[in-house]
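One structure below.
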Amino acid sequence: MTDIALNFEHRHSAHCENGVISNLFRYNGLDISEPMAFGIGSGLFFIHIPFIKVNGIPGTSYRIWPGQIFKRASKRLGVEMYSDTFRNPKKAKEALDAALAKGIPVGLVVSVFYLPYLPEVFRFHFNAHNLVVYGKEGNEYLISDPVMEHVTRIHEDDLMRARYAKGTPEPMGKMYYPTVMPKDIDMKKAIVEGIYKTGYDMSHIPIPFFGSKAIRYLASKLKDYPEKVGDRKSILYLGNIIRMQEEIGTGGAGFRFVYAAFLHESGRKLENNWLIDKSKELTKTGDLWRDFAFKAGRVCKNRSADKTSFKDLSDILVECSHQEEKLFFELYSKIKTI
Amino acid sequence: MKKEEVPQDITKLEKGPMNWVNYVTDENGEYTRAISNGWEPENIALEQVWDEVNANVEATRQKVIRGELSPIAYYLEKNLMDIPLLASYVDKWQWQVKRHLKPEVFQSLSEQLVEKYAYVFKISVDELKNNPLLKK
């Protein structure tokens, strides 16, 4: 096929899914910031399910599972998406090339393990990374990966490996792009719906594994780690909590700052000071999360899991949990009245 | 987090540094973006993971040298895989892959299967069979 380079504006983002939504929608005429995509897509969440282990470490997440932000944001904004997976890798390549030939930048789900342009230390078997392909030159695809500062490129064989990574979830060559953009958007309605859902998720789910309750749940587990799982595992588990909070694309503080930025932008857009106040409150909680990560980092560095330091860390989490529960309960009960 | 507090702690890990977008508040309390090139707690957590990985790789390497495991075991660790994941990459059952970790079984594998393993590990057949790092 002939070389193609679409005129795609790459904007560096904190998180891959939000970044792709924001970049793809902007290309199609809907200018929406990363925090807006995250907030309208109800991306913020907290999950701790100790018996679901990832590489032998209890699962913790600060956000909703991959793909959901996309689904919710496009639904609430009235964007219709094309999305498909392919059993046959050859078909997947043909479909991608055909879309590019038609002048469509394409979103892909890939594994970060097979992206040579990422620094090696971040390449784990994480199969739900998102990026945009906006062209092809010889046997290289032109890539806009939102977590990268600038656009980059990748050899077609590497992209194929990344699109057909095994494990959970398997991307199966998934590709997507917007097909129908809305004519006029009720931004207020989309924002309210997004906040309402997050408010519910964080304060009303009656199971301990989800929402602000789960932060308390994690806190109660954390303080017993030194006694129950021993030194080595305690430190590993704690390290994982920091990694989930600070690693690739959380914008720091486990997405809390991205969400606060969303509340702030919404407040400005809807001329609503209450939302700005809520943004400030969440920023404070975000700072507390950072405080937690900082202290937890020191404990990990010393590699000694003593009971007192784990108890102190657990106390910070309990405080985070209370602050978030109060904040999201309030957002849930009042957002429909603004 | 305030704009002036954005951390710039570059990791000591080789090939590690990267620039991240952070959402921060400016002097008027407005939200804005700033670039961070790393933060210490995150670096510590990441270094800890790689220490663990490298220790496993080295322990497995010694076992391969001593003839207790086949080279597949070494590349399995090196590629951060586990048996279920590797099994799905080579289209085999887990018990089959487990068998292939035995040196004597590895010797008798078909050329085709060895090629498949080499492809998955992104190395040549020769490297898989004769890596000097895995010999005495």
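The values are calculated or read from the model by the stated rules, or taken from the named source; none is laboratory data. Here the structure is a predicted model, which is why all the values come from computation and not from measurement. All Cβ positions, glycine included, derive from the backbone under ideal geometry; neighbour counts span all protein chains shown.
Data for the structure
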read-out: Some residue of segment A:42-54 being in contact (Cβ under 8 Å) with a residue 60 or more places away in the chain and not in a strand (DSSP E or B); value: yes
read-out: Selected residue (only one of A:Y82, A:Y62, A:Y114 is of a type outside the set (K, R) and closer than 13 Å to A:K174 by Cα); value: A:Y82
read-out: Boolean, B:L80 is surrounded by 15 or more Cβ atoms within 10 Å (Cβ to Cβ), on the phi > 0 side of the Ramachandran plot and touching a residue at least 24 places away in the same chain (Cβ under 8 Å); value: yes
read-out: From A:L118, A:L100, A:L77, A:L131, residue being among the hydrophobic types (A, V, I, L, M, F, W, C) and touching a Lys or Arg at 6+ places or on another chain (Cβ under 9 Å); value: A:L100
read-out: Verdict on B:V105 being in contact with a Leu (Cβ under 9 Å, 6 or more places away or on another chain) and not in a loop (DSSP other than H, G, I, E, B); value: no
read-out: Single condition A:Y237 does not satisfy, out of (1) under 28 Å from B:K2 (Cβ atoms); (2) touching a Phe, Trp or Tyr at 6+ places or on another chain (Cβ under 7 Å); value: (1)
read-out: Residue ID - farthest from the other protein chains (Cβ to nearest Cβ), chosen from residues in segment A:295-317 that are within 21 Å of A:R256 (Cα to Cα) and surrounded by fewer than 17 Cβ atoms within 10 Å (Cβ to Cβ); value: A:D315
read-out: Top-ranked residue in segment A:84-124 [being crowded, with 16+ Cβ neighbours inside 10 Å, of a type in the set (F, W, Y) and not in a helix (DSSP H, G or I); ranked as farthest from the other protein chains (Cβ to nearest Cβ)]; value: A:F86
read-out: Looking only at segment B:25-70, and only at residues there that are of a type in the set (K, R) and out of contact with any helix residue (DSSP H, G or I) (no Cβ under 8 Å at 6 or more places or on another chain), the one that is surrounded by the fewest Cβ atoms within 10 Å (Cβ to Cβ); value: B:R66
read-out: Helices (runs of 4 or more DSSP H) within segment B:1-90 that include 3 or more residues within 12 Å of another protein chain (Cβ to nearest Cβ) and of a type outside the set (K, R); value: B:40-65, B:83-89
read-out: Test: residue in segment A:61-78 that is hydrophobic (A, V, I, L, M, F, W, C), assigned to a loop (DSSP other than H, G, I, E, B), more than 30 Å from A:E137 (Cα to Cα) and not assigned by TED's automatic domain parsing to the domain that holds A:D158; value: yes
read-out: Unmet requirement for B:R99, which otherwise passes all of (1) facing chain A (nearest Cβ under 10 Å); (2) assigned to a helix (DSSP H, G or I); value: (1)
read-out: Segment A:318-338, residues that are surrounded by 19 or more Cβ atoms within 10 Å (Cβ to Cβ) and among the aromatic types (F, W, Y); value: A:F328, A:Y332
read-out: From the options A:S42, A:S74, residue that is of a type in the set (S, T, Y) and out of contact with any helix residue (DSSP H, G or I) (no Cβ under 6 Å at 6 or more places or on another chain); value: A:S74
read-out: Residue match in segment B:89-105 (condition: among the polar types (S, T, N, Q) and closer than 23 Å to A:M160 by Cβ); value: no
read-out: Residues of segment A:29-44 that turn out to be at negative phi, crowded, with 16+ Cβ neighbours inside 10 Å and away from chain B (no Cβ under 14 Å), as a count; value: 4
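Residues are listed down the side, and each one gets a yes or a no for (1) small (G, A, S); (2) at pLDDT below 95; (3) not assigned by TED's automatic domain parsing to the domain that holds A:H12:
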| position | (1), (2), (3) |
| --- | --- |
| A:H155 | no, no, no |
| A:R161 | no, no, no |
| A:P169 | no, yes, no |
| A:Y176 | no, no, no |
| A:M187 | no, no, yes |
| A:V192 | no, no, yes |
| A:Y196 | no, no, yes |
| A:M202 | no, no, yes |
